Structures are given as C-alpha cells and as structure tokens.
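Structure record follows, encoded as structure tokens.
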Amino acid sequence: MKFFVDTADTDEIRDLANTGLVDGVTTNPSLVAKSGRKFLDVVEEICTIVDGPISAEVTATDYETMLKEGQKLAALAPNIAVKVPLTANGLKTCKALSDAGTMVNVTLCFSPGQAILAAKAGAAFISPFVGRLDDISTDGMHLIADICQIYSNYESFETEVLVASIRNPMHLIEAARMGAGVATLPPSVLRQLYKHPLTEAGLEAFLSDWKGTGQSILDD
Ligand code: G3P
C-alpha cells in the first residue's frame, strides 16, 4: 500500500519524508491556499522533496483551459500527477493528458459510476473522498469497497484507488483491508498510526528494567 501525504506544507512533507514511509503527495486548491505560498513554487518544491507522484490540481472548469493548465503543471516535473475534478470537462482533460502520457489523478469522486468513468478516461488515480461522505451520514468506506470490487472485474482498468479525505486511522486500516492501492493521509493521521498505549507502556517497562542492569550496549 502506498502512503501519500495530503498537505502543501513543505515542512510537514520534509519531516514525514524522512521516515522513509512517504510514496507521494497530494495537494488541492484549499491546501495550497492554506500554505499562503505561490502555487507553482510550492509544487516545484514538493517535487524536489518526494520522488513519487505529486498531485497538483487544475483550477479551470472549461476543457481548453484545463488542458493548458494541466500541460503546464505536467511540465514542472516528471513526477507530477495532474489533478482534475470528476466533471465531463475534467474527464475529457484526463483522457487527453493520459493519452499524452501524463499521470492524472481524478478527484472529488463520490460514486462508483464516477469511478468507472475515470478508469475509462485513463486516470492513473481515482480519489474517492471518504470523510466527506461520512460527514453527511453516508458510508464512505462502502464506496471504496465498491470501487475496488468493480475495478477488479476489468483488467483494462489500470486506475489505482487513492483513498482520500481520510479523517482517522480506521479509514486507512479499512482501506488496506479492502486492498486499496493508495491512501493519502493528513500528517496528523499518519502520525496517529504509530501510537498505541501498550507500546508506550511496554517500552517504558523495558527501559526501566534495562536501566536497573547498569549496562550500556555501546559501552560494553
Ligand atoms: O486532498 C483531497 C482530500 O484528501 C481532501 O480531504 O479532509 O478536505 O475532505 P478533506
């Protein structure tokens, strides 16, 4: 399972990339706005921090401009994945860009039908937003199960399921149980995955007992 980090905060990306567990980064216009920085500058910097796919989203809604924006974003670095919304023009842009060899991440997916369209449009990734479905009392993880099952029926569908809008570690764990290829994690959720009170208590007991021996591995 690939872990992408869902942020445009380059300090957070650098810190988490140093764990060796980060396989890519996703951004969106809201995350870029939150960074307070120029879009192209922050995307170019992220591409130098993480070698894997870096999602950068177009902001136009008409096909011609989406295509021009996507081509400009793709030219920034070889690991750019152009993000397009799941609209008719977004999928037309996805088809044109993917046919030209550009990685495309189709975002704002909320139904299996939309995911089928994205796969047919040649998307490299589909981003179903589980948290936003949960937020309206709809089972977001059921959508992931649905898409994974549908995609497994067709060898021609090469699109990876990139679980997005993750709110907690259970979303990640459930996505892994379902076999989703990628999860994009807010930095806080990635860090939560490490934590368990029994690990902390167990380590404290080990170190306390070790201290009692008066020994040191490096000194002996
Ligand atoms: O970046 C796409 C997605 O992960 C956004 O998540 O928390 O704004 O629903 P969220």
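Quick notes on this structure:
- The listed residue being away from the ligand (no atom under 16 Å from the Cβ) and within 15 Å of the chain's Cα centre (by Cα), out of 184, 213, 159, 199: 159
- Note on the range 113-144: residues that are surrounded by fewer than 18 Cβ atoms within 10 Å (Cβ to Cβ) and either among the β-branched types (Val, Ile, Thr) or assigned to a helix (DSSP H, G or I) (or both) total 9.
- All positions within the range 145-170 that are in contact with an Asp or Glu (Cβ under 8 Å, 6 or more places away or on another chain) and open to solvent by less than 40 Å² (accessible area, probe 1.4 Å): 164, 166
- Candidates 182, 163: the one that is more than 19 Å from residue 98 (Cβ to Cβ) and either at pLDDT below 95 or β-branched (Val, Ile, Thr) (or both) is 163.
- Test set (1) touching a strand residue (DSSP E or B) at 6+ places or on another chain (Cβ under 6 Å); (2) open to solvent by 40 Å² or more (accessible area, probe 1.4 Å) - residue 174 fails condition number: (1)
- Taking the range 177-188 as the range and being under 22 Å from residue 13 (Cα atoms), outside any loop (DSSP other than H, G, I, E, B) and open to solvent by 10 Å² or more (accessible area, probe 1.4 Å) as the test, the residues that pass are 187, 188.
- Pairs with Cβ under 9 Å, 6+ apart, first in the range 103-128 and touching a residue at least 60 places away in the same chain (Cβ under 8 Å), second open to solvent by 40 Å² or more (accessible area, probe 1.4 Å): 124/103; 124/158; 124/160; 125/103; 125/160; 127/108
- Close Cβ contacts (under 6 Å, 6 or more residues apart or on different chains) running from residues in the range 144-173 that are on the phi > 0 side of the Ramachandran plot to residues that are open to solvent by 40 Å² or more (accessible area, probe 1.4 Å) and within 16 Å of the ligand (Cβ to nearest atom) comprise 165/132.
- Selection count, the range 63-88, where residues are open to solvent by 60 Å² or more (accessible area, probe 1.4 Å) and either touching a helix residue (DSSP H, G or I) at 6+ places or on another chain (Cβ under 6 Å) or among the basic types (Lys, Arg) (or both): 2
The values are calculated or read from the model by the stated rules, or taken from the named source; none is laboratory data. The shown structure was predicted, so the numbers you read here are calculated from the model rather than taken from an experiment. Cβ atoms come from the backbone with ideal geometry, glycine included; neighbour counts cover every protein chain shown. The accessibility values were calculated without ligands, DNA or RNA, using every heavy atom of the protein model including side chains. Shrake-Rupley method; radii C 1.70, N 1.55, O 1.52, S 1.80 Å.
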